[in-house]
Structure formats: C-alpha cells, structure tokens
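Novice: One structure, as structure tokens, below. Some questions next.
The values are calculated or read from the model by the stated rules, or taken from the named source; none is laboratory data. Model, not experiment: these values are computed from the prediction. All accessible areas refer to the heavy atoms of the entire protein, side chains included, with ligands and DNA or RNA removed. Shrake-Rupley method; radii C 1.70, N 1.55, O 1.52, S 1.80 Å.
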Amino acid sequence: MRGSNISKLAALLGEKLNKKYTRQNLSNKLRAGTLRYDEMLVIADILGFEIKFEEKK
C-alpha cells in the first residue's frame, strides 16, 4: 500500500468500514484532525502498521 494515493486509501477505508469515503473528505479529516480512532486503526491496518500504547519509561 505504500506509495499509494489517498483516493485508493479512501476506497479501502470505505470498504472496511462499510461507509462512503472520498479523497476529499478523507483529506479534510486528516487536515482538520477530526479522524476518529476507529478510522485511524483501519488506516494503520491497510498501510501495514499497528498502533500500540506503551507506558513511558
């Protein structure tokens, strides 16, 4: 998925969450900082990453 574009990411996100996402509304969410945590988890998964919380040392 790396090297892909935001249009592909929006389409895949929409498929996984069963909701319509466009390049424009995903871009707006990213820019405005209004992405929900569940959306971020799916995006991380699509891109091959995981989100972990670790206690600070």
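Novice: Which whole-number value in Å² is the accessible area per residue of the chain, probe 1.4 Å?
Specialist: Details: 4570 Å² over 57 residues.
Roughly 80 Å² per residue, with all protein chains present.
Novice: While we're looking at this one, here's another question. Probe radius 1.4 Å, ligands and nucleic acids ignored: give me the carbon and sulfur share of the accessible area of the chain as a rounded percent.
Specialist: On the way: 2410 of 4570 Å².
Of the solvent-accessible surface of the chain, carbon and sulfur hold 53 percent.
Novice: Give K29/K52; K29/K57; K16/K52 a once-over and call out the pairs whose C-alpha atoms are over 28 Å from each other.
Specialist: Long pairs (Cα-Cα over 28 Å): K29/K57.
Novice: Next question, about the same structure. Evaluate the relative contact order of the chain (contact order divided by residue number), counting alpha-carbon pairs under 8 angstrom at least 6 apart; express in whole percent. Intermediate values should be presented prior to the final figure.
Specialist: Working: 34 pairs, mean separation 20.3, N = 57.
Relative contact order, the chain: 36 percent.
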